[in-house]
Amino acid sequence: MDIVFASRHESNPQEWVAALQRALPEHRVRVWDTLQPQGQADIAVVWAPPPELFSHESRLTHLFNLGAGVDALLQIPDLPDGLTLVRMEDGGMAVQMAEYVLHYLIRESRDLGRYADLQAQARWQPLADIDRDAWTVGVMGGGVMGARVAQACAALDYPVAVWSRSGRPVAGAQSYRQDQLADFLARTRVLVNALPLTADTRGILSRAVFDQLRPDAYLINIARGDHLVEADLLACLDSGRVRGAALDVFSCEPLPPEHRFWSDRRIQVTPHVAGASLVSLTVQQIAGKVRTLVRGEPITGIVDRARQY
Ligand code: NDP
Ligand code: OXD
């Protein structure tokens, strides 16, 4: 197989190529660029690939995405219909997502942000004990990321609800189907978004949803910026409907320096780092799937283009 690595965002593509080549010594692995012979690649490993990859490499059969989300790939105008898209399944990201959510959940439910403020005033002032039943975590999306997040919260005895298209069961949580959104939201105090960005989910984090949450709600968005209607969040923060938000992803990344989110003390901003695909685990997974394909066997993680995830 001729395997090319193509990413406009990766600062060190050689690190990926070297790791892939070590894992697949029987195949040829190289960084894709337009200076090399074209039209020979069978497989591309990508994250934000240059769009011209697809017009130059007509032999490609599989596109391995370094991330879990394929929304950006599906926007590429000339993406060939016959190309099989394969997403990253975990790759070390799910445990990081769980850590991220637990950090903000614990910070809010145990008043750790308020204790930081009290320390600044040298005030020794114990606050009320936690009422864990008042801190139901509602996770939107029960896939690889959402299920791991839900299980981590449940392991610390928080009540957990998970909402997904199918209502698939998640250990330790109560599951809700797509048509049970209102029941799911009515229970939820800390809303965690782990949905893929699709036509159905774009803009889902809106006032209509925030208004159905329990009072004093908190939002954690670890999926995509375009899930959130930013003006609705700001309005709900101002009205007190939502107490705060931890946001890892934004419609415009990097978040522009003048954006209001940076200076709003109710919002915690991180630069799209909630779950990073780690080189060793990612390469191991891709190499395993390439070997499976060479044996002529089916692989998991194939994107259903009609569903958009
Ligand atoms: P999965 O495909 O494993 O899971 C997606 C889940 O969303 C499934 O449970 C699915 O339901 C549910 N879902 C999809 N559409 C709808 C809908 N319209 N209504 C209700 N539920 C829906 O994805 P992952 O868990 O691996 O990843 C989720 C997203 O997280 C990625 O697409 C990406 O955008 C984001 N991400 C962000 C990272 C970061 O660093 N911030 C890192 C990694 C991922 P069902 O189970 O019924 O199919
Ligand atoms: C992903 C991401 O989709 O890192 O994997 O955002």
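The values are calculated or read from the model by the stated rules, or taken from the named source; none is laboratory data. No experiment lies behind these values; they were computed from the predicted model shown. Please note: Cβ atoms are built from the backbone with ideal geometry, for glycine as well, and neighbour counts cover all protein chains shown. Heavy atoms of the whole protein, side chains included, go into the accessibility calculation; ligands, DNA and RNA do not. Shrake-Rupley method; radii C 1.70, N 1.55, O 1.52, S 1.80 Å.
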Review point. Counting pairs of alpha carbon atoms under 8 Å apart in space and at least six apart in sequence, what relative contact order in percent does segment 93-269 give?
Key: 16 percent
Point to revise | For segment 58-118 versus segment 256-307, the gap between their alpha-carbon centres in whole angstrom | key: 4 Å
Practice item. Give the accessible surface of the chain per residue, rounded to a whole number of Å², with probe radius 1.4 Å and ligands, DNA and RNA excluded. Key: 48 Å²
Review point. Could you give me the ³J(HN,Hα) list for segment 251-265, computed from phi with Karplus coefficients 6.51, -1.76, 1.60 and θ = phi - 60°, whole Hz, x at Gly and Pro?
Key: 4, 10, 10, x, 4, x, x, 8, 5, 4, 4, 4, 9, 7, 5
Study note, to complete from the structure: For Val242, the residues 5 or more places away or on another chain with a placed amide H closer than 5 Å to its own amide H are Leu237
Check your understanding: In debye to the nearest 20, how big a dipole does the chain give about its Cα centre with +1 on each Lys and Arg Cβ and -1 on each Asp and Glu Cβ?
Key -> 480 debye
Check your understanding: Rg and Dmax of the chain, using alpha carbons, in Å: what are they?
Key -> 21.3, 69
Check your understanding: Counting only protein heavy atoms and using a 1.4 Å probe, what share of the accessible area of the chain belongs to carbon plus sulfur, as a whole percent?
Key -> 51 percent
Check your understanding: Which value, in Å² and to the nearest 10, is the accessible area of Met145 when all protein chains are kept and the probe is 1.4 Å?
Key -> 30 Å²
Review point. Using Cα pairs under 8 angstrom and six or more residues apart, how large is the relative contact order of the chain, in percent?
Key: 16 percent
**Study point:** Amide proton proximity set for Val192, modelled H, under 5 Å, gap of 5+
**Key:** Gly138, Val139, Met140, Ile220
Check your understanding: Ile302: accessible area at probe 1.4 Å, nearest 10 Å²?
Key -> 90 Å²
Exercise for review: Could you tell me which trypsin sites (Lys or Arg not before Pro) in segment 230-309 are loop residues by DSSP with no more than 16 other beta carbons within 10 angstrom of their beta carbon?
Suggested key: Arg265, Arg266, Arg295, Arg305, Arg307
Check your understanding: segment 110-175: which chymotrypsin sites (Phe, Trp or Tyr not before Pro) are DSSP loop and have at most 14 other beta-carbon atoms within 10 angstrom?
Key -> Trp124
Point to revise | Other-chain or far-sequence residues with amide H under 5 Å of Gly167's (modelled H) | key: Gln178
Study note, to complete from the structure: Ordered by number, the GluC sites (Glu not before Pro) in segment 1-75 that occupy a DSSP loop and have at most 13 other Cβ atoms within 10 Å are Glu26
